[in-house]
1. By count of other Cβ within 10 Å, fewest leading, how are L125, L150 ordered?
2. If you take the Cα atoms of region 1-50, find Rg, then find the Kirkwood Rh from the mean of 1/r over all pairs, what is Rg/Rh?
3. Could you tell me what fraction of 2.2 N^0.38 Å the Cα radius of gyration of region 53-168 comes to, as a two-decimal ratio?
4. Given charges of +1 on the Cβ of Lys and Arg and -1 on the Cβ of Asp and Glu, with all other atoms neutral, how large is the dipole of region 187-312 about its Cα centre, in debye to the nearest 20?
5. Modelling each spin label as a point 7 Å along the Cα-to-Cβ direction, I'd like the L143/R291 distance in nm, to one decimal.
6. Calculate, in nm to one decimal, what E274 and V214 gain on full extension: separation in residues at 0.36 nm each, minus their alpha carbon distance.
7. Which lysines, if any, have their Cα less than 22 Å from the Cα of K114, not counting same-chain residues under 8 positions apart?
8. Using mean Cβ contacts within 10 Å as the protection proxy, how do 155-161, 82-88 order, highest first?
Amino acid sequence: MKILIVGAGASGMVAAINYKRNHKDDEVLVIEHLEQPLKKILVSGNGKCNLGNSKIDFNLYNNPEFAKQIINGYNYKEFFSSISIETKLNGELAYPVSESAVSVKEALLLEGHKRGIEISYGEKLIDFSVNNQIEVTTSKRKLVVDKLILAGGLKSSPKLGSDGSVLDILSKHGYKIRIPQPGLSPLFTKEKTRTIDGVRVKANVSLVSDGKLVHKELGEVLFKEHGLSGIVIFNTMSLISREPKKTHKIYLDLLPDFSDEYLKNYRNSHKFSEFLLAFLNPKIANYLRDRFKNENELFSSIKGLEFNFDKSYGFDFSQVSIGGVDVSEVDEKLMSRREKGVYIIGELLDIDGPCGGYNLTWAFASAIKSTK
Ligand SMILES: Cc1cc2nc3c(=O)[nH]c(=O)nc-3n(C[C@H](O)[C@H](O)[C@H](O)COP(=O)(O)OP(=O)(O)OC[C@H]3O[C@@H](n4cnc5c(N)ncnc54)[C@H](O)[C@@H]3O)c2cc1C
């Protein structure tokens, strides 16, 4: 048997390794249009690679039932240990003990090499057709293969390789697709935030979509010149991208550790300027003074500072794409229902999760499921 895997990224490399472990006599070729593999792995988790999560909450994926069906049974500890990467937890987030994404990349390549997997760089999938056999056209040659695994990712951070080209091919083949939107990225707000650019605050962030509260999360928010950033904002951006037609407002509780009651009492027993000094970063206090006409309005904004969503920072700043091939297009082993012998894995499928190891978990688990 000859197996072709498109994309030497997170899911493609794990699929190649797992396939070869289960079918050692088959020939496995990975094509990668860049000159290097695993570019996204190298930058993941700020260079530390948050490769898993010990307490995955499936409800945080956009399609919990499907994600659960594929991920159940996958054990990141077991898989990474089998390629000499021991893991440790920071809270529930799993990292390699080395705290280095380079070691994850090296271990995947070493295992691939040991098992005789061939990787061809600078070779791009152009198209394929499925009749009695799978005929593949790449930028370098024509191939006939028995199984084709598509692991080309979607459109986030295109400099790292995922340019949406595989999705375009599947779109031409008639697959049902949800048009990708940037997820896990900073966002622009209609309100200017230039004077607090660079300020970080711990805030309780609420997302209200078409007037309905849909998400609340505590975390660090980083103000940008024209908007908001930080992990909690990345997660919020993904939820916005899942509902692109709705109107979204973001509210920040700037003092999540203090109750309304406590703040009211403090304010009543102090001058307003003393109250602001006691609780707020002076830059934030000045920003609020500029934004609100009177002290009562300013005071109310502290536990619910409103921002109107404008747009995301785009795919260049996005860690995961929202959308992709509809999961109804694949069976429980991720084989296409339209084109026998073709498998679709990783981000290419319409599954996304929040920050915290959810997206690499999906990429690795789907790779393993498709190659059992
Ligand atoms: C900055 C950043 C940090 C991140 N940090 C984390 C983290 O810590 N934890 C986490 O869980 N997730 C993280 N993610 C998300 C995670 O990296 C992705 O979800 C995951 O890499 C997706 O895996 P994939 O195999 O589907 O796609 P990719 O890893 O994007 O791999 C796709 C590969 O296919 C190649 N390719 C594309 N088209 C073609 C073609 N036509 N022909 C040949 N090759 C092609 C690409 O060059 C690429 O190598 C992060 C993402 C970014 C951008």
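Nothing in this text is a laboratory measurement; each read-out follows from the coordinates by a stated rule. As the structure is a computational prediction, the values presented were derived from the model and not from experiment. Please note: Cβ atoms are built from the backbone with ideal geometry, for glycine as well, and neighbour counts cover all protein chains shown.
1. Working: L125 21, L150 29.
Neighbour counts put them in this order, fewest first: L125, L150.
2. 1.06
3. Details: Rg = 17.7 Å, N = 116, 2.2 N^0.38 = 13.4 Å.
Its radius of gyration relative to the 2.2 N^0.38 Å reference: 1.32.
4. Details: 21 positive and 17 negative charges, 60 e Å.
Computed charge dipole of region 187-312: roughly 280 debye.
5. In this crude label model, L143 to R291 measures out at 5.3 nm.
6. On the way: separation 60, 0.36 × 60 = 21.60 nm, distance 3.50 nm.
The E274-V214 span can extend by a further 18.1 nm.
7. Within the straight-line cut-off, K114 pairs with K2, K20, K24, K39, K77, K105, K147, K369, K372.
8. Numbers: 155-161: 19.6, 82-88: 15.1.
The densest-packed peptide leads the list: 155-161, 82-88.
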